[in-house]
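Beneath this line is the structure, given in structure tokens, with notes to follow.
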Amino acid sequence: MIDKDETAKRLKLLMKWNHLQPKDLQTYLGLTCVQTVYRWIEGINIPSVDHLYALSRLFHVKIDDMLIGNGDMVSTPVPYKTAFRFMMYYTKLKDAA
């Protein structure tokens, strides 16, 4: 099953890395209400498959990388500074290509 709280944290992190606010996602996805995005980042709901697909394109990540499961597989959390440095390195590589 999908862990809504951990998935919400991942979505917030992706938004932070990409300098996006909930209103930006609302506009990008064509949502009528920004409250939908707030429900995702608060861990109340998760985006639909269609929205996950669109967000994966926006963030340049796989859908699986946005969703966190609460099954038997336990992932080792990556410290924020390490993740941020990795993302900046990846962005520089992508821009250089």
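The values are calculated or read from the model by the stated rules, or taken from the named source; none is laboratory data. Values in this document were obtained by computation on a predicted structure and should not be read as measured data. So basically every Cβ, Gly included, is an ideal-geometry build from the backbone, and we count neighbours across all protein chains shown. Surface accessibility is based on the protein's heavy atoms, side chains included, excluding ligands, DNA and RNA. Shrake-Rupley method; radii C 1.70, N 1.55, O 1.52, S 1.80 Å.
For residue 23, the criteria (1) part of a loop (DSSP other than H, G, I, E, B); (2) open to solvent by 90 Å² or more (accessible area, probe 1.4 Å) hold in every case but one, which is (1). Output the qualifying pairs, or none if there are none: Cβ atoms under 8 angstrom, residues six or more apart or on different chains, first residue in segment 85-97 and farther than 16 Å from residue 15 by Cβ, second residue part of a helix (DSSP H, G or I) and of a type in the set (Asp, Glu). Close Cβ pairs satisfying both conditions: none exist. When you check residue 55 against the structure, is it in a loop (DSSP other than H, G, I, E, B), aliphatic (A, V, I, L, M), out of contact with any Gly (no Cβ under 9 Å at 6 or more places or on another chain) and at pLDDT 90 or above, yes or no? No, not satisfied.
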